[in-house]
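Below you will find the structure I want to go over with you.
The values are calculated or read from the model by the stated rules, or taken from the named source; none is laboratory data. Bear in mind that the values here come from a model prediction, so they are computed numbers and not experimental data. With ideal geometry, Cβ positions are generated from the backbone for all residues, glycine too; neighbour counts draw on all protein chains shown.
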Amino acid sequence: MRIEQLRQAIASTAQSLGFSGTVLLSGREEELILEAYGHANMADNRLNKPDTRFGIASGCKLFTAIAICQLVEQGKLSFESKALELLQGGGLAFPLFSPEITVHQLLTHSSGIGDYFDEETMDDFAELWKAVPMYTLRRLEDFLPMFQNLPMKFNPGDRFHYNNAGYIMLGLLVEAASGMAFSDYVEQHIFLPCGMQHSGYFALDNLPANTAMGYIEQEDGSLITNIYSIPVKGGADGGAFITATDMQLFWDGLFNHRLLNEETTALLLTPHIHEDQDNYYGYGVWITKLNGEVYKYHVMGFDPGVSFRSAFYPASGVTFAALCNRSKGAYQIMRTVEDGLDDVDTPGD
């Protein structure tokens with residue numbers, strides 16, 4: 001499949017899905033495909049553009065992991081540090097959590113702590129805000145009452161259990177070790193070195209220009225915005241807004257060691273824990289292997305009104321991103337790309 005054929009295949013999938021968002025495919029040396037579909041704001045009839053900002057939900061857990069790794073490089077903490085010792089020094093209490101939880105276990109979703117949104121038992125993120133108004137969640141500390149008194153699910157290190165609360169704790173560790181607000185730290189020490197000028201942790205009630213609204217489809221087919229369905233400001237477990245091109249810049253910065261040295265980058269990308277079948281988890285990043293070799297490093301995010309996938313394919317040097325302001329669509333676009341990717345001749349091959 002040639003690039004133009006792949007472009008047509010993506011367009012066909014986007015049309016069949018009613019996909020709303022942007023799709024980026026880049027080779028080692030140049031951009032191959034950058035397309036936008038659908039509306040950023042339906043009320044104003046404002047279309048998505050190649051440089052529109054989108055929320056990426058949990059897709060930015062990798063930013064949190066990199067922030068932790070940077071602080072490890074600086075000697076401010078270690079992967080084997082006991083998390084509660086570091087956090088309780090700042091006056092934060094987790095009475096039922098094991099004192100043996102390490103930074104490594106939080107990074108790999110193996111800490112065993114209770115989660116404020118447990119994906120093993122819950123399926124509607126928006127249900128959370130019936131008890132806790134979403135507009136009150138502006139700082140990492142605001143999430144604590146939702147999980148800090150929960151019991152442990154299992155002993156630290158016993159197994160993988162995807163956990164948002166664990167990444168809130170990691171964000172608190174970033175704040176404690178750096179002396180900066182988490183979002184400020186990521187914007188200064190991750191986005192800025194990568195040249196991600198259009199990305200940030202923006203509040204829903206103060207979004208900058210050229211940002212897509214998230215839309216949720218109702219049972220009758222109508223669409224409503226997600227402004228009452230997600231926290232008003234994202235944090236360490238998800239919720240940044242980025243552009244497709246900024247995501248490509250991020251992967252480039254990571255693999256060219258503008259964020260971490262070679263040794264720490266390798267540790268970040270190590271398959272630390274087996275999730276299922278060919279899927280593993282490093283530090284904040286999913287890793288898929290085929291025939292024993294890494295096929296892709298990837299991140300994903302799902303919220304009401306948000307669907308996101310991005311990947312780097314090491315064999316070809318291709319970067320992919322699909323950012324969507326609906327609750328689904330990015331995965332199907334990724335499948336279309338991967339079905340044709342092996343046959344695409346990319347510059348630099």
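Go over the candidates H161, H109, H104 one by one and state the one that is in a loop (DSSP other than H, G, I, E, B), surrounded by 15 or more Cβ atoms within 10 Å (Cβ to Cβ) and out of contact with any helix residue (DSSP H, G or I) (no Cβ under 9 Å at 6 or more places or on another chain). Even if it seems obvious, please write down each step before you answer.
On the way: H109 fails: out of contact with any helix residue (DSSP H, G or I) (no Cβ under 9 Å at 6 or more places or on another chain); H104 fails: in a loop (DSSP other than H, G, I, E, B).
After applying the criteria, what remains is H161.
Let me ask another. Do we find a residue being of a type in the set (D, E), buried (at least 16 other Cβ atoms within 10 Å of the Cβ) and either touching a residue at least 60 places away in the same chain (Cβ under 8 Å) or at negative phi (or both) anywhere in the stretch 297-306?
Going through the stretch 297-306, the residues of a type in the set (D, E) turn out to be 303.
Now narrow it down to the ones that are buried (at least 16 other Cβ atoms within 10 Å of the Cβ): 303.
So of that shortlist, the ones also either touching a residue at least 60 places away in the same chain (Cβ under 8 Å) or at negative phi (or both) come out as 303.
Looking for residues that are of a type in the set (D, E), buried (at least 16 other Cβ atoms within 10 Å of the Cβ) and either touching a residue at least 60 places away in the same chain (Cβ under 8 Å) or at negative phi (or both), one finds at least one in the stretch 297-306, hence yes.
Looking only at the stretch 13-46, how many residues end up being touching a residue at least 40 places away in the same chain (Cβ under 8 Å) and not in a strand (DSSP E or B)?
Summing the residues that are touching a residue at least 40 places away in the same chain (Cβ under 8 Å) and not in a strand (DSSP E or B) in the stretch 13-46 gives 12.
Based on this model, can you work out whether D158 counts as modelled with pLDDT of 95 or more, more than 26 Å from S98 (Cα to Cα) and charged (D, E, K, R)? Steps first, answer last, please.
On the way: modelled with pLDDT of 95 or more: yes; more than 26 Å from S98 (Cα to Cα): no; charged (D, E, K, R): yes.
Spelling it out, it is not the case that D158 is modelled with pLDDT of 95 or more, more than 26 Å from S98 (Cα to Cα) and charged (D, E, K, R).
Restricting attention to the stretch 293-300, does a residue exist that is among the aromatic types (F, W, Y), within 26 Å of A14 (Cα to Cα), more than 17 Å from the chain's Cα centre (by Cα) and part of a strand (DSSP E or B)? Break it down into steps so the answer makes sense when it comes.
Going residue by residue through the stretch 293-300, those that are among the aromatic types (F, W, Y) are 295, 297.
If we keep only those that are within 26 Å of A14 (Cα to Cα) as well, we get 295, 297.
Those still in the list that are more than 17 Å from the chain's Cα centre (by Cα) too: 295.
Applying the additional criterion that residues be part of a strand (DSSP E or B) yields 295.
Looking through the stretch 293-300, at least one residue is among the aromatic types (F, W, Y), within 26 Å of A14 (Cα to Cα), more than 17 Å from the chain's Cα centre (by Cα) and part of a strand (DSSP E or B).
Go through Y313, Y280 for me and flag whichever is surrounded by 20 or more Cβ atoms within 10 Å (Cβ to Cβ) and in contact (Cβ under 8 Å) with a residue 24 or more places away in the chain.
The unique qualifying residue is Y313.
Could you identify the single residue in T346, T270 that is surrounded by 18 or more Cβ atoms within 10 Å (Cβ to Cβ) and either of a type in the set (V, I, T) or at pLDDT below 95 (or both)?
T346
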